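Participant: To start, I am sharing the structure in question, which I have written as structure tokens.
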Amino acid sequence: MKSNNIEFTGALGDNLSARLDRAEGDEIGFALFAHCFTCSKNLKAVGHITKSLADRGISTLRFDFTGLGQSDGEFANTNFSSNVQDLVAAADYMETNLEAPALLVGHSLGGAAVLHAAHNLDSVKAVATIGAPSDPTHVKENFSLKLDEIEETGEADVTLAGRSFRIKKQFLDDLEEAGRKDKISTLNRALLIMHAPLDSTVNIDNAATLYARAKHPKSFVSLYQSDHLLTDPVFSKYAGKLIAQWSEIYI
């Protein structure tokens, strides 16, 4: 797999850091990857997934959302909608400079984001989610002890995975608005839902809800004993291989 670092302009006008993991040999299509909440494109599991895709002819663009990883911008000024818009901006970059993405892959809240973004991307034929919540508002459980402070003062600093992030009330309001929109039953694309039964961050009941709401063609794959972040490479590589094989008939 050949990887190139690139930059493009995100939804809020900031330079976003991206990596293109290119398939060697014949390319059968391009994918766009959305990472989990407050994570980055450099999560090891993401690299394993994109390599598995590249091994099967699918080139993938993965990037850091505004204010995260190596991307510019202030995280406090972002929200779920800006993440969706960052995905659309990434797809626009791909269409202009590479090839429009036929496949979207999203991990955790990134999974919810790709389900929303697909509605704005005519090139997308298939969507795969990994450990995704059925409702974007689920992410509030990560900082539930700070919700009252955010509502009262307009913002608060929260600690997530050992790092401090500022969350503003506009972030909560945007989540609520996004949660009221039905983006599942109206997806009109092939959908693959992957989830770990032992996921303690996003309960597998979320996968059941997604599957029940979705229209065919839809598929579900259990990730057996994986955790939410797919820290065991066995499961991230497995997920990548299955996504590649599943998506071939659609893209």
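The values are calculated or read from the model by the stated rules, or taken from the named source; none is laboratory data. This is a predicted model, so every value here is computed, not measured. Note that we place each Cβ from the backbone using ideal geometry, even for glycine, and neighbour counts take in every protein chain shown.
Participant: Kindly indicate the residue of segment 1-43 that is among the charged types (D, E, K, R) and modelled with pLDDT under 95 and also nearest to residue 128 (Cα to Cα) among those meeting that condition.
Facilitator: Once the filter is applied, the top-ranked residue is 27.
Participant: Among the residues of segment 170-197, which ones are over 20 Å from residue 103 (Cα atoms), out of contact with any Ser or Thr (no Cβ under 7 Å at 6 or more places or on another chain) and either without any contact (Cβ under 8 Å) to a residue 12 or more places away in the chain or surrounded by fewer than 15 Cβ atoms within 10 Å (Cβ to Cβ) (or both)?
Facilitator: Result: 173, 177, 180, 181, 182.
Participant: Restricting the search to segment 186-205, which residues are part of a loop (DSSP other than H, G, I, E, B) and either within 14 Å of residue 230 (Cβ to Cβ) or of a type in the set (Gly, Ala, Ser) (or both)?
Facilitator: Residues satisfying the conditions are 196, 197, 198, 199, 200, 201, 202.
Participant: If I ask for residues that are among the hydrophobic types (A, V, I, L, M, F, W, C), touching a strand residue (DSSP E or B) at 6+ places or on another chain (Cβ under 8 Å) and more than 14 Å from residue 33 (Cβ to Cβ), which ones from segment 122-144 would you list?
Facilitator: Residue satisfying the conditions is 143 alone.
Participant: Residue 111 is checked against (1) small (Gly, Ala, Ser); (2) in a loop (DSSP other than H, G, I, E, B); (3) crowded, with 24+ Cβ neighbours inside 10 Å and fails just one. What number does that condition carry?
Facilitator: Residue 111 satisfies every listed condition except (2).
Participant: Out of segment 155-185, which residues are out of contact with any His (no Cβ under 7 Å at 6 or more places or on another chain), outside any helix (DSSP H, G or I) and under 30 Å from residue 242 (Cβ atoms)?
Facilitator: 160, 161, 181, 182, 184, 185
Participant: A follow-up question, please. With (1) out of contact with any helix residue (DSSP H, G or I) (no Cβ under 9 Å at 6 or more places or on another chain); (2) modelled with pLDDT of 95 or more; (3) under 26 Å from residue 198 (Cβ atoms) as the list, and residue 138 as the residue in question, which single condition is left unmet?
Facilitator: Failing condition for residue 138: (1).
Participant: If you don't mind, another one. Which members of segment 118-132 meet the condition of being aliphatic (A, V, I, L, M) and either assigned to a strand (DSSP E or B) or free of Cβ contacts under 8 Å to residues at least 40 places away in the same chain (or both)?
Facilitator: Passing the criteria: 121, 126, 127, 128, 130.
Participant: Here's a follow-up. Residues that are of a type in the set (Gly, Ala, Ser) and part of a helix (DSSP H, G or I): does segment 145-154 have at least one?
Facilitator: The answer is no, given that none of the residues of segment 145-154 is of a type in the set (Gly, Ala, Ser) and part of a helix (DSSP H, G or I).
Participant: Next up: One residue is enough: does segment 47-70 have a residue meeting the conditions aromatic (Phe, Trp, Tyr) and closer than 21 Å to residue 121 by Cα?
Facilitator: Looking for residues that are aromatic (Phe, Trp, Tyr) and closer than 21 Å to residue 121 by Cα, one finds at least one in segment 47-70, hence yes.
Yes or no, residue by residue, for (1) touching a helix residue (DSSP H, G or I) at 6+ places or on another chain (Cβ under 7 Å); (2) surrounded by fewer than 17 Cβ atoms within 10 Å (Cβ to Cβ); (3) assigned to a strand (DSSP E or B):
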| site | (1), (2), (3) |
| --- | --- |
| 207 | no, no, no |
| 215 | no, yes, no |
| 219 | yes, yes, yes |
| 226 | yes, no, no |
| 244 | yes, no, no |
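Participant: Identify the residue in segment 133-165 that is among the acidic types (Asp, Glu) and touching a residue at least 40 places away in the same chain (Cβ under 8 Å) and, among all such residues, is surrounded by the most Cβ atoms within 10 Å (Cβ to Cβ).
Facilitator: Out of the qualifying residues, it is 135.
Participant: If you scan segment 10-54, which residues turn out to be among the acidic types (Asp, Glu) and out of contact with any helix residue (DSSP H, G or I) (no Cβ under 8 Å at 6 or more places or on another chain)?
Facilitator: Correct list: 14, 26, 27.
Participant: Scan segment 228-242 for residues that are touching a residue at least 12 places away in the same chain (Cβ under 8 Å) and in a helix (DSSP H, G or I) and jot them down.
Facilitator: 233, 235, 236, 237, 238, 239, 240, 241, 242
Participant: Contact list please: Cβ distance under 9 Å, first residue in segment 17-31 and closer than 8 Å to residue 4 by Cα and touching a residue at least 60 places away in the same chain (Cβ under 8 Å), second residue surrounded by fewer than 22 Cβ atoms within 10 Å (Cβ to Cβ) and among the hydroxyl-bearing types (Ser, Thr, Tyr), pairs at least six apart or on different chains.
Facilitator: Short answer, once both residue conditions are applied: 20/3.
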